[in-house]
Amino acid sequence: MPKSLRRLAALIRKEVTQLLRDRRGLAYMLGLPLLQLFLYAYAVNTSVYHIPTAIVDQSRDRKSREFVQALVNSQYFNATLQLENGAEVMTAIDKGQVRAGVIIPPHFAADTDRGSATVLMMLDGSDSASVSSGYSAAALVAQSYASHLATEQVQRKGIRTSALAGASALPITTSTRVLYNPDMIDIWFLLPGLAGLILQTLAVQQAALIIVRERELGTIEQILITPTRPLELVLSKMIPLLALCLLTMGVVVGIGVFWFGVPFQGSFFLYFWLTLLFIASSLGLGLLFSNRARTQKQAQQQALLTMMFGLLLGGMIYPRSAMPAIPRFIGDLLPMTYFVRASRTIFTKGVGLRFVWTDMLALAIYTVVVVLLAARNFKKRLD
Amino acid sequence: MNELAISAQGLTKQFKTRGGMVTAVENLSLRVTPGETYGLIGPDGAGKSTATRVILGLLTRTAGESSILGFDSMADSYEIRERVGYIAQQNVLPADLTVMENMRFFAGVQCVSAEAQKKRIPELLAFAGLSNFTNRLAGRLSGGMKKKLALACSLIHEPQVVMLDEPTLGVDPVSRREFWSLLGDLRAEKGLTIFVCTPYMDEAERCTQIGLLYGGKLIAAGTPTQIKGLLPGHLLEFTPAQFAAAQQRITGMEGVLELQTYGEKLHVFVDDVGARKAQIEMALAAEGIAHDDLREIEVRMEEAFISLVQQQTEKVGV
C-alpha cells in the first residue's frame, strides 16, 4: 500500500474513533436534522385557512348571501364580523380583529345579471401568508361563483338561446391541474428541498468546525509534524463526516417517506449518488471555511451565513426564477441549489439521469474544486 | 553540512502584529552534532519555541538558513518530519484517544509497518512506564504521564533527532527527574540527538551543549562548564540582616564585579576572594550591618545565566 494511503487510513481511523467517542456530538448531528425536519413539517404551513374575515353586505340579497357562503365554504375564510362600511373594516383590521374584509356593494344581484359585479376584498398586508392565501382563494371562489351564475343564466334563458350564445356568456375559465402533487400537500413540496437545506447546514457546519477545532486545541501542531500531506488530512476529515451525513440523509428521507408519506417516485440508486455528491461538495465547502477561520466561532458564523443563503437563495422556498441576477449567482455558489433542483426532479417527478445529469456533473466538479482548494489553502505551518 | 544533526545560520523570525513587526528570534546560529543533548535555555518569551518551530519548519523563517540532518527546514519539510520526533510545548496529543490509540495513530501516520508496531509499541510503553494504562484516555493522564506518552509517540518511527519544547513544563519534580532519566537512556542506548528547550537551569546542567537565548538572541553557547567559566572572578554568598543597606554599601566597591540577589542572600562576584572578603566584612561592620559568614560557593548555571543576562542588558543600555 502506498504510504499516502497508509497515512490516510491512520488519519481516518483517528477521526472515526473521535467521532464515535463524542456521544453528545453524535446525538447533535443526528438529532438536529430530525428536529429541523419535524419543525418544518409540522410548524411551517404556508397555506392559511380560516382567515377571520369581516363582511360588509350592502346588497343584502340572495346572491350576495350565496357569495359569502361560497367564501366560507372554501374553508379559507371565517365570517367573524358583520360591518356596515369599508371604514369599519379598516378599523377592524387595524385593531387586529380580522385579517380580511369583503365588501359587497349595493345592487350586487342586479350587477351580476348584467355581468359587471364587483366585490372589494381587503387583506391585511402585514401578514404575507394570509395575503397570498386569501388573494388566491378569493379569486378562485369568485371565478367559480361567476361560472356557476353563468351556467344558471344559460339554463334560465332556456334552450332557445343558441348553444353559441350560451358559450359566449360564460366568463373565461381556467382549469388548473397540479402535477405530481394534486392535493398540494406542503410537505411533499418541502421535503426534497428541505433535505438539502438540512444536510447542507449540517455538513458545512461540522466540516467548518473540524479543522479549526484542532487548531484551537493545539493538537494540529503534533499532526503537522508528521509527514501527513494536506490533501490526506482534508480527506480524512471529510470521509467519516460523509458517511455520517449520508446516514442522516437516509434517516431524513426515510422519515419523509414512511412517516409523512411523501411519495418517492424516482430511483433510489440515482438519488444516493446525487446525495453523495451533494454532501461531499458541502463538506468540501465547510473545510474550505475551516482553513480560513481562525476560531471555531468564525467557522460557526460562516456556516450560519451559508445556511441563511441556502434558505433564501437555494430554491427551497423561494423560486430562483424570480430572483435578480446577483442573488441567483450567489445561489449558484451553493451546492444546495443544484441538489434541490435535482432532488425534486428525482424525488417528486421520478424522472431519470437524463434530466439531472447536469446538476450532478456540476456537483461533482464543485466537489473536486473545493476539496483541492481546501487542500491547497491548508496551512502546513503554524503561522 | 551533513555531519550536523541540527544547524542554523543567522536565523531570524519576525511576526506581524497590530503594533508592527516583532522580532522573536534574531540572527540565531547554532550547530548540534549527532549524539549531543543540546539545551536551548532561556526565560519565558526568549524565543525558544519560535526558534524550535522555525527549525522544524512549523513556522516560516524571515531570514537565514536552518536544517536538520542536512534537510532544509522550509524546502524539505516532509523529509524532516519522517526523521524527527517532536513534542510541542502544550499538551497536544488528542485527549479523546486512549494511550494505545495515540500510539497506533502516530505509528500509522509515520507508516510504521504492522510487525514493527507489534514489537515497538509495547517496548515504548514499557520504556515510558505506561504499560498499565493502555486503555486510559490521554486527556485523563497526569501531566508527567502525558509527557511520557508524547515522548513514546514521538519515538515510534525511530527518529534520529528529537526536539522537545519545554517537555517538563507543569510536571512535578519526581516526574521531571524520571523524564530526564528516560532521555539519558535514549542518548546512551540509541545515540539519539536530543534538542531540548527549557527555562530550568538544573535541566540545563544535564545537557552536553547549551545555548542561552535571551530576547531572541543567543547570548552564550558552549558546554555547561564553559558557560559557567564565562563568569569573571569568584562568588561569595552571605545573608545580611539589613538587605537593602548591605546591597547599597557593597555596590561599586573596589573589586566587586557584580551583585546578585538570591532570596534573602546576596551573591557577590569578586576578583579575589582573600582580599575582598575582608574588605566587605569591614565595610559591613562599619555600617553596623550584621551578617552571617561570607563563604565562597561554586557558580551554578543559574548565577551564570543571570550574570550573562545582566551583561547583555547593560550592553543594550549603553
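So the values come out like this:
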quantity	calculated
Label-point gap, in nm, between A:SER144 and B:MET253 - each point 7 angstrom along Cα→Cβ	11.4 nm
R0 of 41 Å, Cβ-Cβ distance B:THR313-B:GLU82: FRET efficiency to nearest 0.05	0.45
Relative contact order (percent, whole number), chain B, Cα cutoff 8 Å, 6+ residue spacing	19 percent
Distance between modelled label sites at A:ASN73 and A:LEU35, nm, 7 Å Cα→Cβ extension	4.6 nm
Partners for A:LYS14 among lysines (Cα-Cα distance below 17 Å; same-chain residues under 8 apart left out)	A:LYS3, A:LYS237
Rounded, prolate or oblate (a/c below 1.5 giving rounded, otherwise prolate when a/b exceeds b/c) for segment B:34-177 by Cα gyration tensor	oblate
FRET E, pair B:ALA114, A:LEU305, Förster distance 45 Å, beta-carbon r, rounded to 0.05	0.50
Taking chain A and dividing mean pair separation by its residue count, relative contact order in percent (alpha carbons under 8 Å, at least six apart)	18 percent
Evaluated at q = 0.19 Å⁻¹: base-10 log I(q)/I(0), Debye formula over Cα of segment B:248-310	-0.75
FRET efficiency for A:LEU361 and A:ARG60, using Cβ-Cβ distance with R0 set to 60 Å, rounded to 0.05	0.40
Highest-fluctuation residue, A:THR17, A:THR226, A:THR248 considered, GNM on chain A with Cα pairs under 10 Å	A:THR226
Cβ neighbours within 10 Å from other chains - mean over B:99-105	3
Extension gain, A:LEU373 back to A:SER136 (0.36 nm per residue minus Cα-Cα distance, nm)	80.5 nm
Sequence-distant lysines (8 or more away, or on other chains) whose Cα lies within less than 25 Å of B:LYS217	B:LYS13, B:LYS16, B:LYS48, B:LYS228, B:LYS315
Cα shape, chain B, gyration tensor, a/c 1.5 rule	prolate
Charge sum, other residues only, whose C-beta stays under 10 Å from B:TYR200's C-beta, Lys/Arg counted +1 and Asp/Glu -1	-3
Rough spin-label spacing in nm, given labels placed 7 Å along Cα→Cβ, for B:ALA245 and B:ASN27	4.6 nm
Relative contact order (%) - criterion: Cα under 8 Å, at least six apart; region: segment A:51-169	27 percent
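Values quoted throughout were computed directly from the atomic coordinates according to the rules given, and no laboratory measurement underlies them. All figures in this text were calculated on a predicted structure; none of them were measured in a lab. A quick note on method: Cβ atoms are made from the backbone with ideal geometry, for glycine too, and the neighbour counts reach across all protein chains shown.
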